[in-house]
2 protein chains.
Amino acid sequence: MAVTLKDVANLAGVSRSAVSRAYTDGASVSDKTRKKVEKAARELGYSPSLIARSLATNRTKLIGLIANNFQNPIFLEVFDLYTQALQKRGLRPLLVNLTHETDPEQSVQMLRQYNVDGVIVATSTLPPLFAKAFKDAHMPVVHAFGRAQSGSDVHVVGIDNQACGRMAAETLLRHGYRDIAFLGGPEFATSTQDRAIGFLEYLGEHGTVPSDIRYASAYGYQAGRDAMRDLLAEKRVEAVFCGDDLICMGAMDETRQSGLEVPGDIGFIGFNDMAMSQWSAYDLTTVRQPIRDIIKSSIELVVALVEEPERALEVRIFPCSVIERSTLKPLP
Amino acid sequence: MAVTLKDVANLAGVSRSAVSRAYTDGASVSDKTRKKVEKAARELGYSPSLIARSLATNRTKLIGLIANNFQNPIFLEVFDLYTQALQKRGLRPLLVNLTHETDPEQSVQMLRQYNVDGVIVATSTLPPLFAKAFKDAHMPVVHAFGRAQSGSDVHVVGIDNQACGRMAAETLLRHGYRDIAFLGGPEFATSTQDRAIGFLEYLGEHGTVPSDIRYASAYGYQAGRDAMRDLLAEKRVEAVFCGDDLICMGAMDETRQSGLEVPGDIGFIGFNDMAMSQWSAYDLTTVRQPIRDIIKSSIELVVALVEEPERALEVRIFPCSVIERSTLKPLP
DNA sequence: CAAAAATTTGCAACCGGTTGCAAAAATACT
DNA sequence: AGTATTTTTGCAACCGGTTGCAAATTTTTG
C-alpha cells in the first residue's frame, strides 16, 4: 500500500541504493540520477520511512522529553520552546509524563524500546534513581533545570540556584525589608534547598535571619496558598521570598483574601518569571530564569552527546536576573 | 552492542521465532519454551526493539498529538491527560507544535515519516487544509475539541458550542443582566463562531440583542485585555460573555485596572473552567468543558480507527455545564 | 588516444524483529 | 499398540531502508 524505495527505484530505472543515496546528503550520487529519483518520488508521492532508516542506522531522531510537573504553566512555555527547537533540527520529542510514575526502570525501559537518541529530563528535581537508571541504560541524558549534583554522573544545564537565592535576598534588603520569610517549594527539591542556602547566606552576611522558613508541598498554586495561610496564622512578616511564581501567586491570593494588601502590608518576590507573572492581577517582582537559553543549550548538549557519548561531564550554568515589578514597596 | 533477539535465542537454545513468540501474546508457545526465553532474556537484559517490530508489523504505537496553542494553560491540562491516558495503553504521544507552522504538507510529511498509527488534533480550530492533508495521507485522524464540520471528513470529539453559547446567555439573563457584550476568541475560529450563534440565538429568543459583539485576536490573556480596553473605551455594558477563561482573565484585569469592579460594575462569564479559573483573584463563573471525557473518548476513537480505518464517520459530543462562582452578581 | 584517477553505480548483506507454512512433537482417541 | 488430532517449533521470506565493496562509468592527465 505505501510506496517504498523499491517502487521509486523501479520507476526511475535505477538501483535501490541509488534512491537511498539520493536521500542521504553527503552520499555519492550524480546530479542526473538524483533528478531522476526526485522526479519518480514526486510522481509516486514517496516519503522515506524513518522507521526503516532507524533500524539500519540505529538513529531515531527521537528525543525523550521527561517531565513530572504538568500543573505549573511554566512547563507549557518549556514544552513550547522544546518542541519548536527540536523540530527545527529535525528532531521530535517523545513526551514522557512522570507525574504519577514511581518506577524508574519502567520509564527507562520504554525509552529504550523506542530507541530514543537521547533524553532530556526537564524536572526541577531528578530522582537520583532515575539519573542512575538512564546512565546505566547508556543513554545520552541531560538534566535541564537541574542541579550540579556532586556525586552525580549526568550532564546538567541550569542556573545557580544559590546565586539566585542571594539575588532575592539582596533585592529584599535593598528595598528596606528586614522581617523576611522564606517560602520555598517542596523541601526535598534540590532547587529549593539551594535557593534557601543562598538566601540564608546572604541574609546572614548582612546580619539578618529570616523570620520564618517554610516549604510548600509542591510547586503549585494551592500549595502556595496553604503554606501562606499557615504562615499568616502564626506570625506577621514584611516580605516573602517565594520559591516559584505559582507559589507566589497562591501566597498573594491568600494574603489578599485575608484582608492584607500587596505590597502595602506584605511584599513578595517570586521565582521564574513565567508569562503570567506580568498579569496586572499580580505584576510580580521576581527572579527571572533564562529558560530559552537553558532549553537551547540542553538540546545542543544532548545532540553533541549523541555524536560523542563519552564526552566529558558538563555543567552549564546561565545567569538569572531580577525583574522588578510591583509586589515590593518602592526603594527607600 | 545492544542485545538482540538472536542473542536470546542462542542462549535459550531455541529458534528466533520462539523468542519472538514468547513476546507476542496470543502466540503459540509452550510454557517450557517461554520460561527458557524469559530466563535468558533476564540474564542478558534484553528488551525488544520497537523499531524493528514496527517495521515488521507496520504499527508504531505512536500517536501524533497536534497542538497549536502553547500559550493557554488549559493545554497543559490537556497534555497531562493525554500523555497519561496514552501511556496507560502502551501508546506514546509524538508532540507536534503547529504554533508557527503554516504548511500542512510538511507536518503531514513528518507524521508519515514516523509512521504514527494515528493522529489526534487537539486544536480549537483545525485549518481545513490540515484536515484534508491528513485524510489524503490515509491516517486515522480524530479532531478533539473540534466542530462537526458539515462537509468535513474527519472524526470529531468535542462539545456542542452552540448549546454552550445558549447556556451562557441563559445564565446571564437569569442573573438579571440585559446589557450584555459578547467577547469571543478569534473570529475565524469555528468554536467562537458557534458559541456566538448559540448565544445570539438565545438572546434573540428572549427579546434581546447583545450591546456589543467583539473578537479577541487570539485565545490569550493579552488579546482579552486589548479587546476589553477597546470595548470599555466605546461603551458601557453590564456583563460580558468571554469565549475563553484566559480571555476573560485579561478582560477582568483590564476592567479592574480601569477602576471598575467585578462583579459590581461588570459581570463576567468565561469558558472552559481551567484550573486557574478558581483562583481567588478571579473565581470565574464559567462554562465547563469536560476535557477528561473528550480526551478519553478521542483516544478510544483513534485506537478504534487504527483497527478499522474505514469506520463510519463519527461525531461525539459531550455536554457542558455552568459553574457558578463569583463573577456575576447574585441571582435577583 | 590510451592510461590513470575520480566518481558513480549496483550487488548483496545487514539492521532486529514478525509470520505463513510445513515438519515435529505432544496429546487424544479407538 | 497404532492412528488421528492438536499444539509447538524452526525455516525462510519479509518489513523498508543503509552501506562496504568491487565493477562500471566518467573525467582528468600525459
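The values are calculated or read from the model by the stated rules, or taken from the named source; none is laboratory data. Keep in mind that what you see is a predicted model, and the values were worked out from it rather than measured. Note that each Cβ is placed from the backbone with ideal geometry, even for glycine, and that neighbours are counted across all protein chains shown. Surface areas here come from the heavy atoms of the whole protein model, side chains and all, with no ligands, DNA or RNA. Shrake-Rupley method; radii C 1.70, N 1.55, O 1.52, S 1.80 Å.
Once you sort the root eigenvalues of the Cα gyration tensor of chain A as a ≥ b ≥ c, which label holds: rounded (a/c under 1.5), prolate (a/b larger than b/c) or oblate (the other case)? Mind dumping the intermediate values first?
Numbers: a/c = 2.97, a/b = 2.57, b/c = 1.16.
Note, shape of chain A comes out prolate.
Would you work out if region A:161-289 is rounded, prolate or oblate? Take a ≥ b ≥ c from the square roots of the eigenvalues of the alpha-carbon gyration tensor; rounded if a/c is under 1.5, else prolate when a/b is larger than b/c, oblate otherwise. If you can, show how the numbers build up before the last one.
Numbers: a/c = 1.31, a/b = 1.19, b/c = 1.11.
Rounded, because the longest to shortest axis ratio a/c is under 1.5.
How would you classify the protein assembly as shown from its alpha-carbon gyration tensor, with a ≥ b ≥ c the square roots of the eigenvalues: rounded for a/c under 1.5, else prolate if a/b is greater than b/c, otherwise oblate? Mind dumping the intermediate values first?
Numbers: a/c = 2.13, a/b = 1.31, b/c = 1.63.
Oblate, because a/c is 1.5 or more while a/b does not exceed b/c.
In debye to the nearest 20, how big a dipole does region A:203-332 give about its Cα centre with +1 on each Lys and Arg Cβ and -1 on each Asp and Glu Cβ? Please report the intermediate quantities before stating the final value.
Details: 13 positive and 21 negative charges, 57 e Å.
Roughly 280 debye, rounded to the nearest 20.
Using a 1.4 Å probe and counting only protein heavy atoms, arrange B:C248, A:C320 so the residue with the most accessible area comes first. Please list the in-between numbers first.
On the way: B:C248 0, A:C320 25 Å².
Ranking B:C248, A:C320 by accessible area, largest first, yields A:C320, B:C248.
Compute the signed sum of charges (Lys and Arg +1, Asp and Glu -1) over the other residues within less than 9 Å, Cβ to Cβ, of B:M228.
Numbers: positive: B:R214, B:R225, B:R229; negative: B:D226, B:D230, B:D253, B:E254.
That works out to -1.
When the helix-only estimate is applied to chain B (DSSP H runs of n ≥ 4, each -39,500 (n - 2.57), divided by the residue count), what is the mean residue ellipticity at 222 nm, nearest 500 deg cm²/dmol?
On the way: 12 runs with 146 residues, N = 332.
Taken over chain B, the calculation gives -13500 deg cm²/dmol.
May I ask you to give the percent of accessible area on chain B that is carbon plus sulfur, with a probe radius of 1.4 Å? Numbers along the way, then the final one.
On the way: 7090 of 14130 Å².
After summing per-atom areas, the C and S share lands at 50 percent.
Taking chain A as the reference, fit the longest principal axis to its C-alpha atoms, fit the long axis of helix A:31-44 to the helix C-alpha atoms, and give the angle between the two in degrees, 0 to 90, nearest 10.
Compared with the principal axis, the helix lies near 80 degrees.
What's the magnitude of the charge dipole for the protein assembly as shown around its Cα centre, counting Lys and Arg as +1 and Asp and Glu as -1 at the beta-carbon? Answer in Debye, nearest 20. Before the final figure, lay out each step's value.
Values: 72 positive and 80 negative charges, 599 e Å.
The dipole of the protein assembly as shown has a size of about 2880 debye.
So who's got an amide H within less than 5 Å of the one on A:S321, skipping anything under 5 residues away but keeping other chains? H placed 1.01 Å off N, in plane.
Counting only residues 5 or more places away or on other chains, the set is A:R288.
Run the reach check for B:K88 against aspartates and glutamates, Cα to Cα strictly under 13 Å, same-chain hits fewer than 8 apart removed. What comes back?
Hits, sequence-local ones excluded: A:E101, B:D80, B:E300.
Provide the per-residue ³J(HN,Hα) series for region B:134-146, in order, calculated from phi with Karplus coefficients 6.51, -1.76, 1.60 and θ = phi - 60°, each as a whole number of Hz, with x at glycine and proline positions.
5, 4, 4, 7, 6, 9, x, 10, 10, 9, 7, 6, x
If you take every DSSP beta bridge fully contained in chain A, what fraction is antiparallel? Give it as a percent rounded to 5.
That works out to approximately 10 percent antiparallel.
Only bridges whose two residues both fall in the protein assembly as shown count here: according to DSSP, what percent of them are antiparallel, nearest 5? Intermediate values should be presented prior to the final figure.
Numbers: 7 of 77 bridges.
Percent antiparallel among DSSP bridges in the protein assembly as shown is about 10.
Taking the Cα centre of region A:5-57 as the origin, how large is its charge dipole in debye, to the nearest 20, when only Lys and Arg (+1) and Asp and Glu (-1) carry charge on their Cβ atoms? Each step should come with its number before you reach the end.
Details: 10 positive and 5 negative charges, 23 e Å.
For region A:5-57, the charge dipole is close to 100 debye.
Run the numbers on chain B and let me know its relative contact order in percent, using alpha-carbon pairs under 8 Å that are six or more apart. It would help to have the intermediate numbers written out before the result.
Numbers: 609 pairs, mean separation 50.3, N = 332.
About 15 percent, as a whole number.
Would you please give the residues with an amide H less than 5 Å from that of A:G267, counting only those at least 5 places away or on a separate chain, with H modeled from the backbone geometry?
HN-HN under 5 Å from A:G267: A:A239, A:V240.
I'd like to know which of B:G184, B:W279, B:H138 lies farthest towards the positive end of the charge dipole of chain B, counting +1 on Cβ of Lys and Arg and -1 on Cβ of Asp and Glu.
The one lying farthest along the dipole's positive direction is B:H138.
Helix B:74-88 versus the longest principal axis of chain B: what is the Cα-based angle in degrees, 0 to 90, to the nearest 10?
20
By how many degrees, 0 to 90 and rounded to 10, does the Cα axis of helix A:161-174 deviate from the longest principal axis of chain A?
Orientation of helix A:161-174: about 40 degrees from the principal axis.
With solvent modelled as a 1.4 Å probe, how much accessible area in total do chains A and B shield from it at their shared surface, in Å² to the nearest 100? Show your work: numbers first, answer last.
Working: alone 16350 and 16350 Å², together 28250 Å².
Buried: approximately 4400 Å² between B and A.
Out of region B:173-205, which chymotrypsin sites (Phe, Trp or Tyr not before Pro) are coil in DSSP terms and have no more than 13 other C-beta atoms within 10 Å? Could you put the intermediate results ahead of the total?
Working: sites: B:Y177, B:F182, B:F188, B:F199, B:Y202; in loops: B:Y177, B:F188.
Here the chymotrypsin sites (Phe, Trp or Tyr not before Pro) that fit, given the DSSP loop and packing criteria, are B:F188.
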